[in-house]
There are 4 protein chains.
Amino acid sequence: MLRYLTGGESHGKCMLTILDGMPSGLRIDKSIIDEELARRMVGYGRGKRMRIESDRVEILSGLRKARTIGSPIAMMIKNIDQSIDRLPVVLEPRPGHADLAGAMKYDLKDIRDCLERASARETVARVGVGAVAKILLSEFGIRVASHVTIIGSVESKARGLGLSQIIAVAERSPVRCADPKASRAMCEAIDRATESGDTLGGVFEVVIKGVPPGLGSYSQWDRRIDADLARAIMSIQAIKGVSFGIGFESARRMGSMVHDEIFYDKAKGFYRKTNNAGGIEGGMTNGEDIIIQAVMKPISTLRKPLASVNIKTKRGVKATVERSDACAVPAAGVIGEAVAAIEIANAMIGKFGGDSIGEMKRNYKGYLAQISKF
Amino acid sequence: MLRYLTGGESHGKCMLTILDGMPSGLRIDKSIIDEELARRMVGYGRGKRMRIESDRVEILSGLRKARTIGSPIAMMIKNIDQSIDRLPVVLEPRPGHADLAGAMKYDLKDIRDCLERASARETVARVGVGAVAKILLSEFGIRVASHVTIIGSVESKARGLGLSQIIAVAERSPVRCADPKASRAMCEAIDRATESGDTLGGVFEVVIKGVPPGLGSYSQWDRRIDADLARAIMSIQAIKGVSFGIGFESARRMGSMVHDEIFYDKAKGFYRKTNNAGGIEGGMTNGEDIIIQAVMKPISTLRKPLASVNIKTKRGVKATVERSDACAVPAAGVIGEAVAAIEIANAMIGKFGGDSIGEMKRNYKGYLAQISKF
Amino acid sequence: MLRYLTGGESHGKCMLTILDGMPSGLRIDKSIIDEELARRMVGYGRGKRMRIESDRVEILSGLRKARTIGSPIAMMIKNIDQSIDRLPVVLEPRPGHADLAGAMKYDLKDIRDCLERASARETVARVGVGAVAKILLSEFGIRVASHVTIIGSVESKARGLGLSQIIAVAERSPVRCADPKASRAMCEAIDRATESGDTLGGVFEVVIKGVPPGLGSYSQWDRRIDADLARAIMSIQAIKGVSFGIGFESARRMGSMVHDEIFYDKAKGFYRKTNNAGGIEGGMTNGEDIIIQAVMKPISTLRKPLASVNIKTKRGVKATVERSDACAVPAAGVIGEAVAAIEIANAMIGKFGGDSIGEMKRNYKGYLAQISKF
Amino acid sequence: MLRYLTGGESHGKCMLTILDGMPSGLRIDKSIIDEELARRMVGYGRGKRMRIESDRVEILSGLRKARTIGSPIAMMIKNIDQSIDRLPVVLEPRPGHADLAGAMKYDLKDIRDCLERASARETVARVGVGAVAKILLSEFGIRVASHVTIIGSVESKARGLGLSQIIAVAERSPVRCADPKASRAMCEAIDRATESGDTLGGVFEVVIKGVPPGLGSYSQWDRRIDADLARAIMSIQAIKGVSFGIGFESARRMGSMVHDEIFYDKAKGFYRKTNNAGGIEGGMTNGEDIIIQAVMKPISTLRKPLASVNIKTKRGVKATVERSDACAVPAAGVIGEAVAAIEIANAMIGKFGGDSIGEMKRNYKGYLAQISKF
């Protein structure tokens, strides 16, 4: 079982995480983690803060001579601005944020006590964990990518892409969109939002290639892999919806146009010609690409602020402005990759054992041989 | 903490569940559970099997003189058809079902060994648990309802409804839709699907009223209430997407049109005029109604069967037909209510303690008083 | 991961359990489970109730044609006396029982609401689960046995026994003691206790043979196998202490007389000549027999009752007498076997995967080959 | 729910932990944590390493202006010697350590990859967590202490002590023993062991005062507080047994001499004149002091080394000497306090809610009032 906890506040000393349960013998290249942290910071529409930040991971435990040894892996990403104790009191909860409910729940008289942890800055730790999960998955030929399909009113025509196409096109787009024309229109939409002091949300798609059939289970409600993936994706700040395959479109199609027919070929084994299910049937991976969509609401901090109430005076005010990105959807896709990779890594370890990478691979190969003869 | 496991196969002796963690002193009226089981069976478009089934719960443990005593509550719902050991071998996996991946995973040579547990019949146990959760929630004035918003190409005009409206209209509709005109069109669409041997999916909305602010937490990724709700909903058989509030629509709106502004009134305290967030901000309930949408794919078993492969001969075939409902969305809404109620009950017990209903209420009132003075 | 919940009250309809996570393809012989249930009822010093009880398991789910299919296994053991709702009110808490603290915690005005679930009758469900765990373990050549080493002032001379010796002698002893002379003295001690209306406790030892090295882990505090075993054993009603190997004796010996030196032989691989560690080093199995001791306090219900207080009148009374066994240590050993078997089965599934028995065995063999070349 | 993970290797950069689930509003005095870390290092019989180490906690997250805010609390204790990557290869497993089983399990060719994490140095992080737990408990008048009762052949006459007596005497003893005469004899025994290159184990007792009745539950096997405490204590490196109250002595006494009779007094409420149960009945606290014993085996690294085998050459050798303390029982008591405090804190948060210290106290007082009227 792979477990992790994160700690850290937005303007505290650092963000950090302890990841328990990785097999031994896995080579961890710190630069791969840093690269993922860098991918998390990109995206047209990010404000100044992002540009000055340059996150670097420090691995505090779990490696010896750059290899895992079965110990928990602790990672720290230092914050540049560590002024948490000196920052001014916040009394005006921002609509769309944890501010009001969080201050009530934890009985906090200064909303800053809440917003420091609720901040999406926390995701940097999860991207670190996700990077390690991706390194593990790459040993099994499993790769994870993402691209942006919607920002505001602009929709990408490039849907249901293969992984290599995404990497070829989306990774070079300033909005991580695989449709160059839509990409430009998205940038323009972001410019317009920035000008008007407004913000934009959107949809991203995560694609996972190379997953074997049989991760997850229908056997108990809380062992379904789609349920675990949905929880992980929904746990990302500002995500308001998640779906698989053709997602909400499956409401509108007849059954005969939805289910992926099954074929067999001596060389490939069982296969499908369509993947409307997004790689998941009966709460299990079916061997096809896993395809996940997630919708991110627009950033809750607008330059043109919304109505709020001073929690001390109870007088109506305009909500505090904390930062000024206009759109964070491209970065959200990177975070989506991370949390999805963690869930798949966990399922792989659950099914194939996780003491050493050699043992895990041996067990994996045994299973592949088993199902090839199925 | 509220925990439960379910057991049982579609044609086994029974479906059953053990629910651990309910407070003592709660009166459980068995007829309320039976009523929920009955609600799960209704809906235009269900085949014969549903009509002959008449599920009744038998409470095997956890009550004394019809009250909870802090012990685990075990519930059994007997199956009428208990022929599991005698039913014929299945060799043709049905597209859209657990069949192929499940048989590979568990190394089953007879697909029936898989489909018996993967069947949505399992949800009857969850509806039982959900009914108990609802009884608990009703002690705190929390109510859970649902209505169908889309079936096939027909969309209800009645969205974002209050609970009482849903109950007044949707509960009387044969498709559990709160828009009478759409309701009729949905029935017609189901008729057409039935005639052509096809099936239909759709979208339902769960509404939860009376939830206090502060359930869930932004503090750790796996403590967010929306993440827990998403997991629970996605764990229902055939669900392919889940969203909150305006859901995927939030991708398309400007931030200023999304976030729910905060107001204050001496009598009501803090309140909102909109509820685009669906009652959840920062991974916590914010005191507004929780609004969840979920999309259900069309039933995977069509009378006009899909291409499949005999797992023994490897020859192409038409997939086995197991049952013949044309649409299960109305029932899925009832199941959605159940699993959402369980998550909210769990969060309530987590926040307010769960040893006795008296203690839980006392703690709850203390919190309400605390936040009313916030 | 192997999980289970139990439900049921002492005079309710039944005791039952749902066990989640067993691999598919395992043949379950119901008579083996019944045999374990019968072993739980034996023992010199049990009162009338035990003799009239004759527990039989009914398997409600999880099997098809007597084999596991990867589904949760639900088991029910019916109670003969189901009079829970009609039994008289209890107002006098029994010292040594859950009665007083339980009634306070759950705010119960009738102590019967507490004692019905707190009763050791609950262990019948755990013995059922343990029997299934033992069947799984037997596929890997792992066997679990127990014998009684102390009852009252009588101590067995037969300690640190091999499994076959235990089975040969202890299983035939009326007190499950492997030393025939001590066995007779124990019976006499029980007779004397019975005569004086008193009760006796004792110590039993669980021995597990054939466990591979490397179950459990030092990597995180809650993954140590000795910690898990200690929790499981201590969770048995009336157990007040648990230890491994030479246990509390290790306080008194010099280090050079405690640690098991390591030797190597081409045929056997690494081995030890002593097993003071009881098969566990660094929170892991080391390949030697696991040896666990547990102490059970005397049964809390005496015929010569202890001072108590009527919870309604607050007047001093003599505690209610509920049943009259004089000694339950022999049965406790059987329960100890069960919960230990469950923990080892869980660790085996965690390390070797648990989807099908074929996969699990293949992975296990791969590991054995790996460590034989270590 | 209180959760924590630790990370760190003995000669890595640091030991660290993330603690999730502490209520907000709790003042954390860093010096109290440092004091506990210092207590962990004391004790007659510790070698040089302990004396040069001077552990100081750095709190990396979870506090603002020295108060908890509901965020995870991350703590780091730096290692002075961080040479993990440069330390020489270890090929000779030490009997009594994780070395052999750990290297096999994780397929490590250099035993150092195993011993670095398996080291009891890890407990420094747990003592940090325990210190925070103690601060929380002190808000409820709950205090935790420990004293050493046995080292080698020397036994303290001071057993079953009250907390204040322990603090008055044991805290000043070089071996943390509350019997001054035994204390001297223990030091002498340690001197003799040191001279002969041998080591000593012993027994310590943890006492927890002020715990309300009703923590833990008999309702489900894994919710018993004694089971949780046993797991926590047994998870400490080198612990081989754990018991409550009169512990293994309860095997030898008649029932009438074991169970703590119940009395009532208008002022005190229900009370006991004895505490043989060690404060726990039916898996719950009963309001009396919790009394736990644990046995620690002698340190596994002797200057007069034991027989072992070179894992590469397979030739018999004398086991590697890594460090040279003669006795660590006094420090183990401090660690025992820490892990017990964490379990009690967790149970308190589970029963009384854990969002803010104010809420938790309000709920606690409500419960005290409830049971005072019981």
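Restricting the stretch A:246-267 to residues that are part of a helix (DSSP H, G or I) and in contact with a strand residue (DSSP E or B) (Cβ under 9 Å, 6 or more places away or on another chain), the residue that is surrounded by the fewest Cβ atoms within 10 Å (Cβ to Cβ) is A:249. Exactly one residue out of A:115, A:137 is surrounded by fewer than 24 Cβ atoms within 10 Å (Cβ to Cβ) and modelled with pLDDT of 95 or more: that is A:137.
Among the criteria (1) closer than 17 Å to residue B:215 by Cα; (2) under 21 Å from the mean Cα position of the chain (by Cα); (3) not small (Gly, Ala, Ser), the one residue B:368 does not fulfil is (2).
Conditions tested, residue by residue: (1) within 12 Å of chain D (Cβ to nearest Cβ); (2) among the aliphatic types (A, V, I, L, M).
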{"site": "C:120", "(1), (2)": "yes, yes"}
{"site": "C:165", "(1), (2)": "no, no"}
{"site": "C:173", "(1), (2)": "no, no"}
{"site": "C:197", "(1), (2)": "yes, no"}
{"site": "C:207", "(1), (2)": "no, yes"}
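Checking A:61, A:31 one by one, the residue that is of a type in the set (S, T, N, Q) and touching a strand residue (DSSP E or B) at 6+ places or on another chain (Cβ under 6 Å) is A:61 and no other.
Scanning the stretch A:273-282 for residues that are more than 9 Å from every other protein chain (Cβ to nearest Cβ) and either in a strand (DSSP E or B) or on the phi > 0 side of the Ramachandran plot (or both) gives a single hit, A:279. Among the residues of the stretch B:118-129, those identified as of a type outside the set (Ser, Thr, Tyr), open to solvent by less than 10 Å² (accessible area, probe 1.4 Å) and out of contact with any Gly (no Cβ under 9 Å at 6 or more places or on another chain) are B:126, B:127, B:128, B:129. Filtered by the rule that a residue be on the phi < 0 side of the Ramachandran plot, open to solvent by less than 20 Å² (accessible area, probe 1.4 Å) and within 8 Å of another protein chain (Cβ to nearest Cβ), the stretch C:340-370 gives C:351, C:352, C:355, C:356, C:359, C:363, C:366, C:367. For the stretch C:322-343, a tally of residues being at pLDDT 95 or above and acidic (Asp, Glu) returns 2.
Just to be sure I understand, how many residues within the stretch B:152-163 are open to solvent by less than 60 Å² (accessible area, probe 1.4 Å) and away from chain A (no Cβ under 14 Å)?
Looking only at that region, the number is 5.
Taking the stretch A:189-219 as the range and being free of Cβ contacts under 8 Å to residues at least 40 places away in the same chain and touching a helix residue (DSSP H, G or I) at 6+ places or on another chain (Cβ under 9 Å) as the test, only A:219 passes. Going by the structure shown, is residue C:270 among the hydrophobic types (A, V, I, L, M, F, W, C), assigned to a strand (DSSP E or B) and at the interface with chain D (Cβ under 7 Å from one of its Cβ atoms)? The answer is yes for residue C:270.
Within the stretch D:73-81, does at least one residue satisfy the condition of being out of contact with any Gly (no Cβ under 9 Å at 6 or more places or on another chain), within 28 Å of residue D:327 (Cβ to Cβ) and open to solvent by less than 10 Å² (accessible area, probe 1.4 Å)? Scanning the stretch D:73-81 turns up no residue that is out of contact with any Gly (no Cβ under 9 Å at 6 or more places or on another chain), within 28 Å of residue D:327 (Cβ to Cβ) and open to solvent by less than 10 Å² (accessible area, probe 1.4 Å). Within the option set C:15, C:76, C:41, C:1, being more than 14 Å from every other protein chain (Cβ to nearest Cβ) and of a type outside the set (Ser, Thr, Tyr) holds for one residue only, C:41.
If you filter the stretch D:258-276 down to residues that are in contact with a helix residue (DSSP H, G or I) (Cβ under 9 Å, 6 or more places away or on another chain) and not aromatic (Phe, Trp, Tyr), you find that the one that is farthest from residue C:261 (Cα to Cα) is D:269.
Residue-level check: of (1) part of a strand (DSSP E or B); (2) more than 7 Å from every other protein chain (Cβ to nearest Cβ); (3) of a type in the set (A, V, I, L, M), residue A:233 misses just (1). Note on the stretch C:68-99: residues that are of a type in the set (D, E, K, R), at pLDDT 95 or above and within 25 Å of the chain's Cα centre (by Cα) total 2. Residue D:31 meets all of the listed conditions (1) within 30 Å of residue D:178 (Cα to Cα); (2) surrounded by 15 or more Cβ atoms within 10 Å (Cβ to Cβ); (3) among the polar types (S, T, N, Q) but one, namely (2). Is it the case, given these coordinates, that residue A:185 is modelled with pLDDT of 95 or more, touching a strand residue (DSSP E or B) at 6+ places or on another chain (Cβ under 7 Å) and open to solvent by 10 Å² or more (accessible area, probe 1.4 Å)? Against the criterion (modelled with pLDDT of 95 or more, touching a strand residue (DSSP E or B) at 6+ places or on another chain (Cβ under 7 Å) and open to solvent by 10 Å² or more (accessible area, probe 1.4 Å)), residue A:185 qualifies.
Out of A:256, A:219, one residue alone is at the interface with chain B (Cβ under 7 Å from one of its Cβ atoms), modelled with pLDDT under 95 and touching an Asp or Glu at 6+ places or on another chain (Cβ under 8 Å). It is A:256.
The set of residues from the stretch C:241-275 being of a type in the set (Val, Ile, Thr) and either over 28 Å from the mean Cα position of the chain (by Cα) or farther than 21 Å from residue D:276 by Cβ (or both) comprises C:246, C:258, C:262, C:274. The set of residues in the stretch C:292-307 being surrounded by 24 or more Cβ atoms within 10 Å (Cβ to Cβ) and part of a strand (DSSP E or B) consists of C:292, C:293, C:294, C:295, C:296. I'm trying to understand the selection: among the residues of the stretch B:211-240, which are on the phi > 0 side of the Ramachandran plot and either open to solvent by 10 Å² or more (accessible area, probe 1.4 Å) or under 20 Å from the mean Cα position of the chain (by Cα) (or both)? Passing the criteria: B:216, B:238.
The values are calculated or read from the model by the stated rules, or taken from the named source; none is laboratory data. Computed from a predicted structure; not experimentally measured. Please note: Cβ atoms are built from the backbone with ideal geometry, for glycine as well, and neighbour counts cover all protein chains shown. Calculation scope for accessible area: heavy atoms of the full protein, side chains included, ligands and nucleic acids excluded. Shrake-Rupley method; radii C 1.70, N 1.55, O 1.52, S 1.80 Å.
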